[in-house]
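Each remark here refers to the structure printed beneath this line.
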Amino acid sequence: MAVILAIHAHPDDIEHLSAGTLALLARAGHTIKIATMTAGECGSAEADLAETARIRTREAETAAGLIGADYRCGGLPDLGVFNDDAGRRATTELVRWSGADIVITASPADYHPDHEAVSLLARDACFAASAPNYRTGPAKPLAAIPHLYFMDPIGGRDREGVWITPHFAVDVSQTFETKRAMLAAHESQTAWLERQHGITDPLASMERWTRRCGRDFGVPLAEGFRQYRHHPYPADPALQALIGSALLQAKS
């Protein structure tokens, strides 16, 4: 059995983009860890920073619990995530805490600066996590660099509107209701997403995107991923092997 860490910027990012896949892996008996680098404390127009952070981390814990996953927050400030020394050490500590064989993180190109910064931090943290002299906290260094994968960006596009094409996708038709329930746990975001993004129904928005990805791969519902294979990161298809019959290969 493998240990999989999903790490993104804010509570609810992972639920939008990869919760169906995580639910599938959890059903197969793998250990799932979920982390966000921030508590998403800027995601409210009603509550203050501290209260919003408490609400959103509680929602993240509830969502993770639906698939038996542990959740942890990295404690970086919302809209204050940067590819710097403090951020890299905090991210590396989370990777070490998880004991991950596989890390799934944000797309390097996305609409939100925190998303892009977390992608860089997670990439570098996977490299640093196995270096014993790189000190971060109580978690022990990993024995090896984990396999690294990127989720789709929100909406599938970069900041210029260019489509980001996944290397492969996962058929999440069997776990979509769990994915929906995980996202529904983030109920505090309904009003915020309407105010800030003009999204009146986050669950419907998520479903439209999951169906769009599925249509590209010939199934009703899917989530897309890309693997980072640059030296010295592992290049063998570890996540793809765990997915089994739900794996959907990109059309050549």
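The values are calculated or read from the model by the stated rules, or taken from the named source; none is laboratory data. Owing to the predicted nature of the structure, the values given are computational and were not obtained by experimental measurement. All Cβ positions, even for glycine, are placed from backbone atoms using ideal geometry, and neighbour counts span all protein chains on display.
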> Within the range 116-132, can one find any residue that is surrounded by fewer than 17 Cβ atoms within 10 Å (Cβ to Cβ), under 18 Å from Pro232 (Cα atoms) and without any contact (Cβ under 8 Å) to a residue 24 or more places away in the chain?
Replying inline: yes
>> Going by what's in this entry, would Gly74 be described as on the phi < 0 side of the Ramachandran plot and more than 16 Å from the chain's Cα centre (by Cα)?
In response: no
> Is it true that some residue in the range 31-52 is in contact with a helix residue (DSSP H, G or I) (Cβ under 8 Å, 6 or more places away or on another chain), assigned to a helix (DSSP H, G or I) and crowded, with 24+ Cβ neighbours inside 10 Å?
Replying inline: no
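If you go through the range 48-63, how many residues are free of Cβ contacts under 8 Å to residues at least 40 places away in the same chain, closer than 22 Å to Met182 by Cβ and of a type outside the set (D, E, K, R)?
Quick first cut of the range 48-63, residues free of Cβ contacts under 8 Å to residues at least 40 places away in the same chain only: 48-51, 53-54, 58, 61.
With closer than 22 Å to Met182 by Cβ added as a condition, the list becomes 53-54, 58, 61.
Now narrow it down to the ones that are of a type outside the set (D, E, K, R): 53.
Counting residues in the range 48-63 that are free of Cβ contacts under 8 Å to residues at least 40 places away in the same chain, closer than 22 Å to Met182 by Cβ and of a type outside the set (D, E, K, R) gives 1.
What number of residues within the range 105-115 are within 23 Å of Ala238 (Cβ to Cβ) and in a loop (DSSP other than H, G, I, E, B)?
Taking the range 105-115 first, the residues within 23 Å of Ala238 (Cβ to Cβ) are 105-108.
Among the residues that remain, those that are also in a loop (DSSP other than H, G, I, E, B) are: 106-108.
The number of residues fulfilling the criteria is 3.
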>> Quick check on the range 96-104. Is at least one of its residues in a helix (DSSP H, G or I) and in contact with a helix residue (DSSP H, G or I) (Cβ under 9 Å, 6 or more places away or on another chain)?
In response: yes
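Report yes if Ser173 is of a type in the set (S, T, N, Q), at pLDDT 95 or above and within 16 Å of Thr36 (Cβ to Cβ), otherwise no.
Working: of a type in the set (S, T, N, Q): yes; at pLDDT 95 or above: yes; within 16 Å of Thr36 (Cβ to Cβ): no.
No.
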>> With the requirement that a residue be buried (at least 16 other Cβ atoms within 10 Å of the Cβ), under 21 Å from Ile102 (Cα atoms) and among the acidic types (Asp, Glu), what does the range 53-89 give you?
In response: Glu61
> When you scan the range 138-236 for strands (runs of 3 or more DSSP E) that lie fully inside it, which ones turn up with 1 or more residues that are touching a Pro at 6+ places or on another chain (Cβ under 7 Å) and crowded, with 22+ Cβ neighbours inside 10 Å?
Replying inline: 147-151, 222-228
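Matching residues to (1) of a type in the set (Val, Ile, Thr); (2) out of contact with any Ser or Thr (no Cβ under 7 Å at 6 or more places or on another chain); (3) at pLDDT 95 or above:
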| site | (1), (2), (3) |
| --- | --- |
| Leu25 | no, yes, yes |
| Gly29 | no, yes, yes |
| Met37 | no, no, yes |
| Gly43 | no, no, no |
| Thr57 | yes, yes, yes |
| Gly65 | no, yes, yes |
| Val81 | yes, no, yes |
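Output yes when any residue across the range 154-166 is among the basic types (Lys, Arg), touching a residue at least 12 places away in the same chain (Cβ under 8 Å) and over 27 Å from Arg27 (Cα atoms), and no when none is. Before the answer, list the steps.
Step one: filter the range 154-166 for residues among the basic types (Lys, Arg), giving 157, 159.
Then keep just the ones that are touching a residue at least 12 places away in the same chain (Cβ under 8 Å); that gives 157, 159.
Retained after the next criterion (residues that are over 27 Å from Arg27 (Cα atoms)): 157, 159.
The answer is yes; a qualifying residue exists.
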